[in-house]
Amino acid sequence: MTVRMFLFAVTAAIVFTGIFLLRQTVGSGFFSNSATVAVMTTADQTVPAKKQDESDFIKNMAAALGPWQEDATRQFKSIGLKTYWKTEGGDWFDAGGVARGPRPFAAVSIPDIDAVQTVEINVTNYVREFGGDFALRTLRGTLTFLSRESEDGPMLEVDGQRYKAIADTMINPTTVKPLGKGKKLGSQDLILIRFDVGPGDYGAARLTLTTTDKQYGNIDLGVFRSDNSGPDLPPRRIEATPLSERTDILLHVKDAETWKAFQRGSGHIPAKTTEDGTLYGIMPKGLRQETFLNLIYKFEEHGIDPPDHAFFRYRLRIKNWSTTMAGKLPGLAGTYGRAGWGGRNDQSGTKGWSSRGFMDKVSAGNNLLPIGQYIYHMDAGAWGDVSRAELPLPQDRWVWIEQEVKLNSVGKADGLVRTWIDGYLMQERRNLRFRSVGSIHIDRLWMNIYFGGTGYVADATHEYWISDVAVARAYIGPG
């Protein structure tokens, strides 16, 4: 046997073994070339129950995501969760209940002596009403305190019991980076400190801070209440008319057969579907591949005049999603195979556009997936841009997602993209330009899940379930 023949034999064995192992991981039905999807049986995969309590889920999640986190920045209450401040630079209430107002609940004066000082503030009345979550601001002067990462970090004493801070950070308007892991808290910024103490009928409460050995002028420091409320939710939007009774439905995937009308795009990992049209896909850990789902439904090929204004709704459930790579989710598009993806933005408005869903990487430790819209439009750069939703998606739970795309009138910047989560409007982008000619429309539904960037290696075994897919000329709604 020659060296060349030997190397060929070894390579073939490795490839064959790899394919065999991958088949064992995800099931041989995923490698069928004869069809885009294969009918899933109960023995293949149990679809998670779709019946669940949805009445207050979004409201409860919004409230839970309201408090600031140590990875807060001037823009985000949590940069990992992508939860926003209402006002850049942080939100607080003063003693009169005024948002970002000037009146402190308590205050203390600190002399400029350029020495380490212990600062004590009587916060009894504040802690009785609001507990141990503080926003501190200087009313005059500048100094620096030691953070909880230091030995002499913030301390709260309540009725003789001493508590160390469980979180602290500062919001600096000159940087987009979180500063919650440093050993110092600069008082020229908004300082946030949290103790594990709730409101109650306490006798006395005292906040103790330790300065560094430098002060810059005499200082007046005020205590304010951080705004830990979640985003203001609009009323939930429900559409009462069943799809079967509507005349504006362009597509409704209600069985396995309907998925056969979709074209299979490059890189697609073949999925399975139940008889009721629930799509299931799996990407095994360690697989080097960016594209997870890539199915395309072109309206004109099915006798449907491509719309200029459409709504796309689906139900999504994800599991073990990536903590290392952002990417794209399904959406509407008018790429015409020419522009609107992969760095092919068309700023002339004559070739194409897209508005797929956007997904950030899962925020470590909380299992939530920040989402939004990834939009290729005339005024974006080569790689499009992102419009974020106000709330992330949970994992291991069915969630209704609905996207609205309205193309601009030719010559005007009046296009829009909106996203609803479980019927709550969570994202809106107006004044968009997608096209400069009337021949560009919404030509396809793009069922796409894509990690990247490039060079993605699955950091876990990712799974998704998609059901109740529909496209219409008017709002569809959950249910």
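Here are the numbers:
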item: Verdict on Asp385 being without any contact (Cβ under 8 Å) to a residue 12 or more places away in the chain and farther than 30 Å from Gln52 by Cβ; result: yes
item: Wholly enclosed strands (runs of 3 or more DSSP E) of region 175-248 bearing at least 1 residues within 26 Å of Phe145 (Cβ to Cβ) and free of Cβ contacts under 8 Å to residues at least 60 places away in the same chain; result: 184-186, 190-194
item: Residue within region 465-477 that is surrounded by fewer than 17 Cβ atoms within 10 Å (Cβ to Cβ), part of a loop (DSSP other than H, G, I, E, B) and within 23 Å of the chain's Cα centre (by Cα) present; result: yes
item: Filtered residues of region 291-331 (kept if assigned to a strand (DSSP E or B) and in contact with a Pro (Cβ under 7 Å, 6 or more places away or on another chain)); result: Tyr314, Arg317
item: Filtered residues of region 141-197 (kept if of a type in the set (Ser, Thr, Tyr), within 25 Å of the chain's Cα centre (by Cα) and farther than 18 Å from Phe224 by Cα); result: Thr174, Thr175
item: Residue list for region 358-386, filter: more than 19 Å from Leu65 (Cα to Cα) and not in a loop (DSSP other than H, G, I, E, B); result: Phe358, Gln373, Tyr374, Ile375, Tyr376, Asp385, Val386
item: Hey, Leu391 under 14 Å from the mean Cα position of the chain (by Cα), assigned to a loop (DSSP other than H, G, I, E, B), touching a residue at least 40 places away in the same chain (Cβ under 8 Å) and buried (at least 22 other Cβ atoms within 10 Å of the Cβ) or not; result: yes
item: Lone unmet requirement of (1) in the same structural domain as Arg128 (by TED's automatic domain parsing); (2) buried (at least 16 other Cβ atoms within 10 Å of the Cβ); (3) assigned to a strand (DSSP E or B) for Lys272; result: (1)
item: Verdict on Ala382 being small (Gly, Ala, Ser) and crowded, with 23+ Cβ neighbours inside 10 Å; result: no
item: Some residue of region 172-188 being surrounded by 14 or more Cβ atoms within 10 Å (Cβ to Cβ) and in contact with a Phe, Trp or Tyr (Cβ under 6 Å, 6 or more places away or on another chain); result: yes
item: Conditions (1) closer than 30 Å to Ala64 by Cβ; (2) assigned by TED's automatic domain parsing to the domain that holds Pro307; (3) not in a strand (DSSP E or B): number failed by Ile442; result: (1)
item: Leu209, sole failed condition from (1) crowded, with 18+ Cβ neighbours inside 10 Å; (2) not assigned by TED's automatic domain parsing to the domain that holds Ile121; result: (2)
item: Total residues in region 422-439, condition more than 20 Å from Ala470 (Cα to Cα) and part of a strand (DSSP E or B); result: 5
item: Options Gly101, Gly66, Gly80, Gly90; residue that is more than 29 Å from Val362 (Cα to Cα) and at pLDDT 50 or above; result: Gly101
item: Test: residue in region 339-357 that is surrounded by fewer than 22 Cβ atoms within 10 Å (Cβ to Cβ) and assigned to a strand (DSSP E or B); result: no
item: Residue match in region 222-230 (condition: over 30 Å from the mean Cα position of the chain (by Cα) and either assigned by TED's automatic domain parsing to the domain that holds Val123 or surrounded by 14 or more Cβ atoms within 10 Å (Cβ to Cβ) (or both)); result: yes
item: Candidate set: region 234-249, residues that are within 20 Å of Leu316 (Cβ to Cβ) and not β-branched (Val, Ile, Thr); chosen: the one surrounded by the fewest Cβ atoms within 10 Å (Cβ to Cβ); result: Arg237
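Table: residues versus (1) free of Cβ contacts under 8 Å to residues at least 60 places away in the same chain; (2) over 17 Å from Thr210 (Cβ atoms).
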site: Trp92; (1), (2): no, yes
site: Arg100; (1), (2): yes, yes
site: Phe105; (1), (2): no, yes
site: Ser109; (1), (2): no, no
site: Asp112; (1), (2): no, no
site: Ala115; (1), (2): no, no
site: Tyr126; (1), (2): no, yes
site: Arg140; (1), (2): no, yes
site: Ser147; (1), (2): yes, no
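The values are calculated or read from the model by the stated rules, or taken from the named source; none is laboratory data. Treat the numbers as computed from the prediction; the structure is a model and nothing was measured. Note: ideal-geometry Cβ built from the backbone for every residue, glycine included; neighbour counts use all protein chains shown.
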